[in-house]
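> Quick one: the structure is below, questions incoming.
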Amino acid sequence: MKSFKIHICDDHQLITESLVYMLESELFIERISVSRTAGALFESLRKELPEVIILDINVNKVNMLERIKDIRLIHPDCKIIILSAYDSPGIIRKAIQEKVDAYLFKTAPREEILEALHAVWTGKVYVSGAPKKNQSEFDDPFQLIESLSEREKEVIRCLVKGYPNKKISDELHISITTVQTHRRNIYRKLNLRGVGELVSFALNNQI
């Protein structure tokens, strides 16, 4: 794998130092640079264009999802990885819509971060917790979707929008207990373990 440069933008020094320590020994990483403000990021991009940018969503109160387009204007070919503490389906969906290449949680272990780097470098989109390709041959997406009821699909659409159980209950005119039952059935039928997997599955299969 060809070596490449990485730039990390996060306003938490502990995070940036941990990432540098975690990644600097990897042979495929040519150099790692760091910034702790949006302004410093764009100043750095004017001097050098890294192949991969790792971003927090909020950097000193700046919503970096809203700056993705500005980054793309300067460097349209860079790979952008969001590394965030937020696991809201709505935020993950927004990030994917902004064409980020990966969405990772800050709890991700080193192995997953490396897996995401390899994935985006080969042109894939990576979402933390998304199902891997080594699932059973019976886990065909079409068959999985066919196993869902129309009500379950409605619940999925609400979850992808980031709605909590109460709002789903109000939106679909069903009890919260029924919403919870649908959620359990959805995760069981789709063989998923959390909102990250659900959002990735729903977006990839246009539910």
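None of the figures in this text is laboratory data; all of them are computed from the coordinates on show. Computed from a predicted structure; not experimentally measured. Heads up, the Cβs are rebuilt from the backbone with ideal geometry, glycines too, and the neighbour counts pull from every protein chain shown.
> What's the exposure ranking of His173, His182, going from fewest to most Cβ atoms within 10 Å?
Values: His173 7, His182 24.
In increasing order of surrounding Cβ atoms, one gets His173, His182.
> If you consider only alpha-carbon coordinates, what radius of gyration and Dmax does region 141-204 have, in Å?
When restricted to Cα atoms, region 141-204 yields Rg and Dmax of 10.9, 30 Å.
> Say the cut-off is 24 Å between C-alpha atoms; which of Lys79/Lys153; Lys5/Lys99; Lys47/Lys124; Lys61/Lys153; Lys124/Lys153; Lys5/Lys69 go over it?
Lys79/Lys153; Lys47/Lys124; Lys61/Lys153; Lys124/Lys153
> Name the longest site-free stretch of the chain, where the excluded sites are GluC sites (Glu not before Pro) in a DSSP loop with no more than 11 other beta-carbon atoms within 10 Å. Could the numbers behind the result be given before it?
Numbers: sites that count: Glu24, Glu48, Glu137.
Segment 49-136 is the longest.
> Calculate how steeply helix 195-204 sits against the longest principal axis of the alpha-carbon atoms of the chain, using the helix alpha-carbon long axis, and give the answer as 0 to 90 degrees to the nearest 10.
90 degrees
> Going by how many other beta carbons lie within 10 Å of each one, how would you line up Ile54, Ile71, fewest first?
Ordered from fewest to most neighbouring Cβ atoms within 10 Å, Ile54, Ile71 come out as Ile71, Ile54.
> Based on the alpha-carbon gyration tensor of the chain, what equivalent-ellipsoid semi-axes (square roots of 5 times the eigenvalues) come out, in whole Å, largest first?
Equivalent ellipsoid semi-axes, largest first: 34, 19, 14 Å.
> Still on this model: Can you give the net charge of the other residues whose Cβ lies under 11 Å from the Cβ of Ala202, counting K and R as +1 and D and E as -1?
That sum, taken over residues with Cβ under 11 Å, equals +3.
> Below 9 angstrom from the Cβ of Asp56, what's the summed charge of the other residues (Lys, Arg +1; Asp, Glu -1)?
For residues surrounding Asp56, the net value is -1.
> How tilted is helix 38-47 with respect to the longest principal axis of the chain? Cα atoms for both, answer in degrees (0 to 90, nearest 10).
That works out to roughly 50 degrees.
> What number, in percent, do you get for the relative contact order of region 136-207 if the mean sequence gap of Cα pairs under 8 Å and at least 6 apart is divided by its residue count?
After rounding, I find 40 percent.
> Counting Lys and Arg as +1 and Asp and Glu as -1, each charge on the Cβ, what is the dipole of the chain about the Cα centre in debye, to the nearest 20?
Dipole about the Cα centre, nearest 20: 440 debye.
> Can you grab the distance from the C-alpha centre of region 83-121 to the C-alpha centre of region 29-70, Å, no decimals?
About 15 Å separates the Cα centre of region 83-121 from the one of region 29-70.
> Let me ask you something else. In what order do Met22, Met64 fall by count of nearby beta-carbon atoms within 10 Å, going from fewest to most?
Fewest-to-most Cβ neighbours within 10 Å comes out as Met22, Met64.
> If you don't mind, another one. Work through the residues other than Phe28 whose Cβ is under 12 Å from its Cβ and net out their charges, Lys, Arg +1 and Asp, Glu -1. List each step's numbers first, then the result.
Values: positive: Lys2, Lys5, Arg31; negative: Glu24, Glu26, Glu30, Glu51.
Within the 12 Å Cβ shell, the charges total -1.
> Along its principal axes, what span do the Cα atoms of region 4-127 show, with the longest given first and each in whole Å?
35, 30, 29
> Just name one of Ser35, Gln97, Leu114: the one whose Cα is farthest towards the positive end of the charge dipole of region 4-127 (beta-carbon charges, Lys/Arg +1, Asp/Glu -1).
After comparing all options, I get Gln97.
> Give the calculated FRET efficiency between Tyr21 and Glu48 to the nearest 0.05, with a Förster radius of 25 Å applied to their Cβ-Cβ distance.
Once the sixth-power term is evaluated, E becomes 0.70.
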